[in-house]
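Structure, as structure tokens:
The values are calculated or read from the model by the stated rules, or taken from the named source; none is laboratory data. What you are looking at is a predicted structure, and each value in this text was computed from that prediction instead of being measured. Positions of Cβ are generated from backbone atoms using ideal geometry, with glycine treated the same way; all protein chains shown enter the neighbour counts.
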Amino acid sequence: MVAEPISVWDYERLAEEKLDANALAYFAGGAGDEVTLRDNLAAFERRKLRPRMLVDVSSVTTATTVLDTDVSMPVLIAPLAFQRMAHPDGERATARAAASAGTILCLSSAATRSPREVHEACEAKGTRWFQVYVFSDRALTEGLIDEAVECGFGALVLTVDVPYLGRRERDLRIDFRLPEELEPYAERLKGFDATLSWRDLEWLAGYGLPVVVKGLLTAEDARLACEHGAAAVVVSNHGGRQLDGVQASIDALPEVVEAVDGRAEVLLDGGVRRGTDALKALALGARAVLIGRAMLWGLAVNGERGVVHVLELLRAEIELGLALLGCSSPSEVTRAHVT
Ligand SMILES: Cc1cc2nc3c(=O)[nH]c(=O)nc-3n(C[C@H](O)[C@H](O)[C@H](O)COP(=O)(O)O)c2cc1C
């Protein structure tokens, strides 16, 4: 039992107590044997930080920019489906929390609130990106993108690792179902456009917003993303929910950074639970990280306030970590700061 949560792990334990078995299976689970799910965490543990001493760290900032947008910390909120299953306020709570913490929210194509509802919930504060799944129903896909563009979302994040949903055995064992009131949203996930190719990136760029490619793990794909005009890429294995047995995101990061070679910003998600995880990613060349489940546990436990608290815990951990590493800002973290 945890009284006052003081870390993401505390939030995870409290969320496990609070969520019903159906929701917990969906949120926590991964694909297959969950090797990649576990390795996302283990790989962060394997990497060691290399701090420098006797550097003046009397003034430290966690602020940085991502695609020219100011953020209070190098931590963004990953797109996560069905957030009303974690808390009745769902995506509206998450979006308000991101805005008040000064960071960017990625709204999922499988959100249980529309881009307009989320935009209105934030009263014009904060920056939101829209995560695009290309459904076989193109009209549905385009309708969602149009709405996000009209509501001033700042980028389109194309998720490229889901031509089909991964096989998540926790869901199968429990016969996972969305609560009745959210069932209409599940319809969307019945058909993804598995014909999607690199050419579709150019279609998406036609909306006039920066395009972020989320879900690649190799130098080859990173090069293709750059050649097709991606402004940023997210090194991600979908939190271990798609192809089990792929590399941990942090292990795939170096080859992607090298292949991109400064042509786009590189972001990472998967297994981030601590500020020091974010610092390891920065040291290996990421501009920022995204948090999925860490944010979700905060949402489940305490709605908007829970998400704000998770973000503040991570920000404080990054601030202290930067100082102890001998850096006064994220931009001072270099390859030499990690093994
Ligand atoms: C419950 C859940 C739902 C997700 N839904 C989406 C989604 O709708 N779109 C998407 O691009 N990624 C989705 N993801 C993947 C996340 O964006 C992100 O890649 C992943 O959660 C990062 O790993 P982490 O949970 O260890 O932080 C989902 C992940 C989880 C755990």
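Beta carbons closer than 6 Å, at least 6 apart along the sequence or on distinct chains, pair a first residue in segment 104-115 that is more than 26 Å from T64 (Cβ to Cβ) with a second that is within 12 Å of the ligand (Cβ to nearest atom) and assigned to a loop (DSSP other than H, G, I, E, B) for S109/Y133; A110/A81; T112/F82.
Residue check: Q247 meets all listed conditions (1) within 13 Å of the ligand (Cβ to nearest atom); (2) under 30 Å from R52 (Cβ atoms); (3) part of a loop (DSSP other than H, G, I, E, B) but one, namely (1).
Among what's in segment 62-88 and is away from the ligand (no atom under 14 Å from the Cβ) and over 19 Å from K280 (Cβ atoms), pick the residue that is surrounded by the most Cβ atoms within 10 Å (Cβ to Cβ). Step by step, filter segment 62-88, then rank; the result is L67. K280 meets the conditions (1) closer than 20 Å to R50 by Cα; (2) surrounded by fewer than 24 Cβ atoms within 10 Å (Cβ to Cβ) in every case but one. The failed one is (2). Report yes if E265 is surrounded by fewer than 20 Cβ atoms within 10 Å (Cβ to Cβ), more than 27 Å from L14 (Cα to Cα) and not basic (K, R), otherwise no. No: the conditions fail for E265. Let me spell it out: the conditions are (1) assigned to a helix (DSSP H, G or I); (2) under 14 Å from T64 (Cβ atoms), and L313 meets all of them except one. Which number is the exception? (2) is the only condition that L313 fails.
Total residues in segment 129-139 satisfying the condition of being outside any loop (DSSP other than H, G, I, E, B) and farther than 17 Å from A205 by Cα: the figure is 2. Residues that are part of a helix (DSSP H, G or I) and within 13 Å of the ligand (Cβ to nearest atom) within segment 226-244 comprise H238, G239, G240, listed in sequence order. Go through segment 168-225 and give me each residue that's of a type outside the set (A, V, I, L, M, F, W, C), within 20 Å of the chain's Cα centre (by Cα) and surrounded by fewer than 17 Cβ atoms within 10 Å (Cβ to Cβ). Correct list: T218 only.
Considering segment 323-339, and only residues there that are part of a helix (DSSP H, G or I) and in contact with a helix residue (DSSP H, G or I) (Cβ under 7 Å, 6 or more places away or on another chain), the residue that is nearest to A86 (Cα to Cα) turns out to be P330.
Pairing each residue of segment 9-38 that is within 13 Å of Q242 (Cα to Cα) and within 11 Å of the ligand (Cβ to nearest atom) with any residue that is among the β-branched types (V, I, T) and assigned to a helix (DSSP H, G or I), provided the two are 6+ apart or on different chains, yields C-beta distances under 8 Å for G30/T36. Residues that are free of Cβ contacts under 8 Å to residues at least 40 places away in the same chain, under 18 Å from D146 (Cα atoms) and part of a helix (DSSP H, G or I) within segment 180-214 comprise E202, W203, A205, listed in sequence order. Could you tell me whether segment 252-267 includes any residue that is within 11 Å of the ligand (Cβ to nearest atom), within 17 Å of the chain's Cα centre (by Cα) and at pLDDT 95 or above? Yes, there is a match, as at least one residue in segment 252-267 is within 11 Å of the ligand (Cβ to nearest atom), within 17 Å of the chain's Cα centre (by Cα) and at pLDDT 95 or above.
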